[in-house]
Structures are given as C-alpha cells and as structure tokens.
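What follows draws every value from the coordinates through simple rules; no lab data is involved. Predicted model, so just to flag it, every value in this text is computed and none were measured. Ideal geometry is used to build each Cβ from the backbone, glycine not excepted, and the neighbour counts take in all protein chains shown.
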Amino acid sequence: MSALREAERAALIAAAVAMKDRAYCPYSHFPVGAALLDDRGTTHVGCNVENASYPVGLCAERAAIANAVSAGARRFRAIAIATNLHDPVAPCGMCRQALSEFAPDLPCLLVGVDGAVLERPLGALLPERFGPANLAEVQS
Ligand code: THU
C-alpha cells in the first residue's frame, strides 16, 4: 500500500481530531477520535461510545473499523487516533488486535491535543500477533 501524501495525512489527522467532538464519554471524560483511510481514498471515522454498564463501551478505533467494514472497506492505508492528552496515545490492546485483522502493519498516526504526531506501524505496537493464519492451521 502506498505511503500517504502530505495532504492525505493532514486530512486524516483533521478527521480524527474532529471526531473527538462526537465522543460519548460521560464516565471517563476521555474523548477519542479515529479516522481510518481505505485503499479507495474514503475515510471512515469513529469515536468512543461509553455505556452506564462500563464494559459495554466501545473504543473509537473499533467504531471506525465497524463503520469501514459496514461500508464495504477491508483494505486500509492508515489510521489517525486523537485524544486530548498532550502526548500522543497508542491504541489499547483490544483495538490493536482488531486493526491487525485487516492491516497487520497499518501506519498509525497518534495525535496529541497540541498537534504532536507520533507514527508507528501497527506491527511495532502488536508484535507476534495472533491472526487468521493461526486459525487456518487447524481449520484446513
Ligand atoms: N479508548 C478508546 O476509544 N481507544 C483506545 O485505544 C483507548 C481507550 C476510550 C475507551 C473509553 O471510552 C475511554 O477511552 C477511556 O478508557
């Protein structure tokens, strides 16, 4: 998958930052916005959606994946993830696993509230992942 052009990168980051405003996070007060760019140039967004029954809450990254797959997208070029913390925050373990299903080495742009961006390939955040190939061994 080709590297992001500067304009694509800036637009993806802006989409993730904007999505923080949609976050439903009355319990944590920790808004997260995510924007996932597919191979056709469409951006799929997500925010965290919490619940009074805490474990029911959904992270922004998995909301973005669900939106993307529901729209027919399965191949991705990058994700941007924005929070209100100064230092860029990496996705939680569950979201790393969810993203790796579709793009094990997805470029992850981690965005701090003052604009700091840290880029990490998903493979560095989730080395030695469990993936579809592991299941294929027993199913074949
Ligand atoms: N959260 C995300 O949306 N993504 C992550 O990768 C980490 C955490 C959300 C879940 C919860 O709504 C809030 O941040 C605090 O954990």
Output the number of the condition that Leu58 fails; it satisfies all remaining conditions of (1) within 12 Å of the ligand (Cβ to nearest atom); (2) closer than 25 Å to Gly115 by Cα; (3) in contact (Cβ under 8 Å) with a residue 24 or more places away in the chain.
(3)
Hits in the range 58-89 (condition: in contact with a Phe, Trp or Tyr (Cβ under 9 Å, 6 or more places away or on another chain), buried (at least 19 other Cβ atoms within 10 Å of the Cβ) and not in a loop (DSSP other than H, G, I, E, B)):
Ile65, Ala68, Phe76
Restricting to the range 28-54, and then to whatever is closer than 15 Å to Arg5 by Cα and of a type in the set (Val, Ile, Thr), can you tell me which residue is surrounded by the fewest Cβ atoms within 10 Å (Cβ to Cβ)?
Thr42
Report yes if Arg22 is surrounded by 14 or more Cβ atoms within 10 Å (Cβ to Cβ), of a type in the set (Lys, Arg) and within 14 Å of the ligand (Cβ to nearest atom), otherwise no.
yes
Leading residue by the ranking (nearest to the ligand (Cβ to nearest atom)) among those in the range 90-100 that are surrounded by 14 or more Cβ atoms within 10 Å (Cβ to Cβ) and in a helix (DSSP H, G or I)
Cys95
